[in-house]
1. E353 to A579: extension gain in nm, 0.36 nm per residue of separation minus the Cα-Cα distance?
2. Within the stretch 181-217, whose backbone N sits under 14 Å from a point 7 Å along Cα→Cβ of D399?
3. Could you tell me the relative contact order of the chain? Use alpha-carbon pairs under 8 Å, at least six residues apart, and round to a whole percent.
4. Most exposed first by the Cβ proxy, i.e. fewest other Cβ within 10 Å, how do F191, F558 rank?
5. So how do 435-443, 543-551 stack up, highest first, on mean other-Cβ count within 10 Å?
6. For a test of the definition: using alpha carbon positions, the gyration tensor, and the 1.5 limit on a/c, classify the stretch 207-399 as rounded, prolate or oblate.
7. Given that just one value was derived from the coordinates, which of [x] 23.7, 69; [y] 28.4, 90; [z] 25.9, 86 is Rg and Dmax of the Cα atoms in Å?
8. Which whole-number percent gives the relative contact order of the stretch 207-399, counting Cα pairs below 8 Å spaced six or more residues apart?
Amino acid sequence: MSSLAAAQHALRTTFGFADFRPGQADIVAAVLAGRDVLAIMPTGSGKSLCYQLPALLRDGLTVVVSPLIALMRNQVAQLRGYGIAAAALNSANDSRDNRAILDRIARGELRLVYVSPERLAKAETFDPLKRAKIAMLAVDEAHCISQWGHDFRPEYAALGKARAALGEVQTVAFTATADAATRADILAKLFRRPPDVFVHGFDRPNLRLAMQAKIGSRSQIVDFVAAHRGRSGIVYCASRRKTETIAAYLAEAGIKALPYHAGMEAAARSRHQDAFLQEDGVVVVATTAFGMGIDKPDVRFVLHADMPANIESYYQEVGRAGRDGLPADTLTLYSMADIRLRRMQIDDGEASEEQKRVDRQRLTALVSLCESPRCRRQTLLAYFAETAEPCGNCDFCCDGAQLIDGTIAAQKALSAMIRTGERFGTEHLTNVLVGERSEAVEKFGHHRLPTFGVGREHDRKEWRSIFRQLYGAGIIALDVTGYGTWRMTDAGRRVLKGADKFTLRKDVLKAGRKAARAAANAAVLDDGAPGDPGLFEALRRRRLELAKTLQVAAYVVFPDKTLLDMAKRKPKSLVEMAAVHGVGEAKLRQYGEEFLDVIRSHAAASA
């Protein structure tokens with residue numbers, strides 16, 4: 001049996017999956033061939049399987065570097081549920097547990113061990129690993145290695161040295177979020193030789209993308225969450241105080257909403273996280289302290305009550321919805337106050353000036369997405385250098401927007417860019433267009449340009465929106481690692497010459513309360529509920545009982561996608577149950593009869 005054929009067999013018998021997801025087979029083949037790999041794959045596309053499956057198929061230990069204890073705990077529980085020998089070395093264990101795990105490593109009993117980068121750097125962990133037969137080093141959330149990444153962790157930067165000290169062991173790295181600057185940093189810091197690089201796109205077509213200006217955000221939040229009653233979701237807030245306030249609002253509306261932030265007692269945070277993972281229909285209202293360690297596949301919505309920090313954070317956070325591939329809903333609320341807050345956080349932060357420049361450009365890209373005059377997905381994917389047709393699954397595609405001809409305004413902006421040498425950012429160009437003789441304008445003699453003052457029909461706020469919309473439409477481009485200077489694209493040249501037209505969103509150019517309210521209706525999505533919802537709910541209740549008994553996340557027993565397939569197929573025997581998506585041999589032995597009993601009881605009650 002070839003390596004890939006063996007992998008296909010294990011995929012079915014161990015994990016219960018009939019086939020690889022797009023992109024997985026090529027990566028698994030490269031890993032099994034012993035090559036180093038960097039893979040950028042969308043959240044929910046099955047990154048973990050790309051190193052877990054090879055670890056199962058060959059001798060030796062796979063060391064997985066993971067950033068958070070919660071993430072390690074849940075992944076280890078999942079692997080054990082599949083019958084795979086796995087463990088995690090972390091501070092949540094007592095010293096005897098960690099010693100026992102190290103002894104198992106020495107005896108060659110484990111296939112995978114999860115460690116944080118901090119623990120890997122400690123001699124009491126690293127030295128036993130050096131003596132073990134390590135087959136592979138797998139780095140999860142690899143963007144944490146890069147100073148350009150939105151979750152930079154200094155401890156990740158030492159992983160290149162750790163890899164070398166382990167004997168230049170085969171190294172594979174995975175992330176869902178890496179623009180060009182982050183990708184280059186990962187390659188330089190982690191790999192000794194060029195790896196096979198797989199970029200499988202950033203699109204998450206099952207996510208509905210929507211953005212709204214705030215018009216009284218409390219009612220917007222309650223209405224949106226209430227429309228998804230009974231579904232698991234996350235509401236992100238910019239402050240700890242707001243998480244408490246919004247959770248209380250939602251509770252008053254009869255929704256089980258729990259706050260989560262770093263200022264809470266650890267025991268309370270753990271209780272709220274466990275409730276979210278084990279129960280159905282729980283909404284967590286959180287700061288961004290909640291998220292990276294949560295691998296719950298059936299989150300049906302993500303709402304940003306405040307604008308995220310930047311476009312990469314936005315992508316990462318909305319990506320926590322719909323990891324099971326079923327439809328999920330997202331909504332981001334934003335205001336000028338949010339934009340000012342995020343800019344102030346960057347300016348007052350302790351990062352280097354170079355990093356602050358990058359952060360400002362990423363914030364600009366997010367604001368452009370908020371005010372985009374075209375499909376949200378097109379604008380988002382353009383940031384990651386991808387092109388797409390209108391998606392039909394965002395608020396712009398579904399609901400439309402009030403558009404006006406902005407060709408003349410675009411030509412004025414482009415002319416100002418060209419005449420100033422494509423070396424300036426929004427504020428300087430706005431000064432030129434509105435005729436403001438700032439110190440820099442006079443220094444460079446730009447008050448003598450023909451374009452000086454040609455844009456007085458728009459105020460400064462409107463010109464900022466125009467530049468953001470030009471960027472969102474791909475008419476102008478921004479170097480993320482540069483100084484915020486704009487340059488004209490090929491599409492911009494066509495607009496400047498009059499070959500193409502350009503439209504502006506009037507509702508964000510002159511945002512009005514009435515227009516914003518008109519756009520504030522949340523879409524309620526069909527999340528794939530089965531034709532027999534009563535059976536599905538009965539299966540979910542049994543799953544909850546098992547999860548609480550075993551003290552694991554509900555999806556560790558079975559994710560919603562498996563229960564949906566079960567409710568559709570209604571298997572009558574273990575043989576038929578084995579054909580259900582996500583039911584491998586170990587889970588069939590452990591849970592098969594439990595869920596067959598639920599199906600039989602439901603059928604008898606319905607007869």
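1. Between E353 and A579, full extension yields 75.7 nm more.
2. 208-217
3. For the chain, the relative contact order is 14 percent.
4. So the residues, fewest neighbours to most, are F191, F558.
5. 543-551, 435-443
6. Working: a/c = 1.63, a/b = 1.22, b/c = 1.34.
Oblate, because a/c is 1.5 or more while a/b does not exceed b/c.
7. Given [x] 23.7, 69; [y] 28.4, 90; [z] 25.9, 86, the structure-derived one carries the label [z].
8. After rounding, I find 26 percent.
Every number in this text was worked out from the coordinates using simple rules, so none of it is lab data. In this text, all values refer to a predicted model and were calculated from it rather than measured experimentally. Virtual Cβ from ideal backbone geometry, glycine too; neighbours counted across all protein chains shown.
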